[in-house]
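Novice: After the structure tokens below, expect a handful of questions from me.
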Ligand code: PEP
């Protein structure tokens, strides 16, 4: 089964209205492969979602960087999944390592968020990944499997889920995983899905890589058989994001 390449741009907590408009204009002018070959999803901070949604070229999509774990209500400062749907936002990134580490989001909490977001019709980019300490102690596969299991335990369909393998030691550090390191973990994640969810889900679920991807290293990573795209942080704010989108072909 073919897995369409997906490139996500995580803008994190960056930007002003002027900067956001500049990025959207840059994206609008770019010549990229058609939607049949690559799906592009950019993820601005919450406050810029409406403006990006209204100005972005129609073949690119918009994701939120987070949403509340259940139906909205008395949860000061949170943004609900229903609100995203109401805005016409179809995607959300959940379980990013910055939120897991800085805001103590547990595997189970991330699993609950994924399940709730799916239940209201959102598509989810669910992030997993090990710290340097965990890699060095040989527990990479155990860590990402446990993070994936917490999601698998609570969802009934993987149709609208993309898994982003983002080694924490590679995020924002300039230390990208080698193509072999990325392929090895993506292979193990796909095997985990096959053994624990099913062969069809394993074959069809996209597993994208994130962590210091840039215009120079994307081609080799994209050539790995189990790498189905990228989640890009820093480089998604720059013109090289276009080169990363083009690495799909
Ligand atoms: C990210 O934040 O998801 C990420 C991959 O960041 P960077 O590309 O900057 O390492």
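The values are calculated or read from the model by the stated rules, or taken from the named source; none is laboratory data. All of these numbers come straight from a predicted model, not from anything done at the bench. Ideal geometry is used to build each Cβ from the backbone, glycine not excepted, and the neighbour counts take in all protein chains shown.
Novice: Tell me which of these residue 36 doesn't satisfy, since it passes every other one: (1) away from the ligand (no atom under 16 Å from the Cβ); (2) at pLDDT 95 or above; (3) under 20 Å from the mean Cα position of the chain (by Cα).
Specialist: Among (1) away from the ligand (no atom under 16 Å from the Cβ); (2) at pLDDT 95 or above; (3) under 20 Å from the mean Cα position of the chain (by Cα), the lone unmet condition for residue 36 is (2).
Novice: Right, another one. Somewhere in the range 218-232, is a residue part of a loop (DSSP other than H, G, I, E, B), under 17 Å from residue 174 (Cα atoms) and either within 12 Å of the ligand (Cβ to nearest atom) or at pLDDT 95 or above (or both)?
Specialist: No, the range 218-232 contains no residue that is part of a loop (DSSP other than H, G, I, E, B), under 17 Å from residue 174 (Cα atoms) and either within 12 Å of the ligand (Cβ to nearest atom) or at pLDDT 95 or above (or both).
Novice: For the structure I just gave you, tell me whether residue 239 is more than 10 Å from the ligand (Cβ to nearest atom), surrounded by fewer than 19 Cβ atoms within 10 Å (Cβ to Cβ), in contact (Cβ under 8 Å) with a residue 12 or more places away in the chain and farther than 27 Å from residue 90 by Cα.
Specialist: Judged against the criteria, residue 239 is not a match.
Novice: Also, I was wondering about something else. I'm trying to understand the selection: among the residues of the range 204-217, which are in a loop (DSSP other than H, G, I, E, B) and in contact (Cβ under 8 Å) with a residue 40 or more places away in the chain?
Specialist: 205, 211, 212, 217
Novice: What is the number of the single condition among (1) under 16 Å from residue 222 (Cα atoms); (2) part of a helix (DSSP H, G or I); (3) touching a strand residue (DSSP E or B) at 6+ places or on another chain (Cβ under 9 Å) that residue 193 does not meet?
Specialist: The single condition residue 193 does not satisfy is (1).
Novice: Here's something else I'd like to know. Pairs under 7 Å by beta carbon, first residue touching a residue at least 40 places away in the same chain (Cβ under 8 Å) and closer than 13 Å to residue 248 by Cα in the range 218-235, partner part of a loop (DSSP other than H, G, I, E, B) and away from the ligand (no atom under 12 Å from the Cβ), six or more apart or different chains?
Specialist: Cβ pairs passing all conditions: 221/227; 222/247; 222/248; 228/3.
Novice: Also, quick follow-up: Would you mind stating whether residue 14 is in a loop (DSSP other than H, G, I, E, B), over 19 Å from residue 122 (Cα atoms) and within 16 Å of the ligand (Cβ to nearest atom)?
Specialist: Yes, satisfied.
Novice: Return yes when residue 211 is at pLDDT 95 or above, more than 11 Å from the ligand (Cβ to nearest atom), within 14 Å of residue 164 (Cα to Cα) and buried (at least 24 other Cβ atoms within 10 Å of the Cβ) and no when it is not.
Specialist: No.
Novice: So, restricting to helices (runs of 4 or more DSSP H) that lie completely within the range 74-190, which ones have at least 3 residues that are more than 14 Å from the ligand (Cβ to nearest atom) and surrounded by 15 or more Cβ atoms within 10 Å (Cβ to Cβ)?
Specialist: Per the criteria, 81-87, 107-119, 140-152.
Novice: Determine the pairs where a residue that is on the phi < 0 side of the Ramachandran plot, located within the range 175-203, has a partner that is exposed (fewer than 14 other Cβ atoms within 10 Å of the Cβ) and part of a loop (DSSP other than H, G, I, E, B) with Cβ atoms under 9 Å apart, the partner being 6 or more residues away or on another chain.
Specialist: Short answer, once both residue conditions are applied: 179/223; 183/225; 186/225; 187/225; 200/1; 201/157; 201/159; 203/1.
Novice: Can you find even one residue in the range 56-65 that is within 16 Å of the ligand (Cβ to nearest atom), more than 25 Å from residue 190 (Cβ to Cβ) and part of a loop (DSSP other than H, G, I, E, B)?
Specialist: yes
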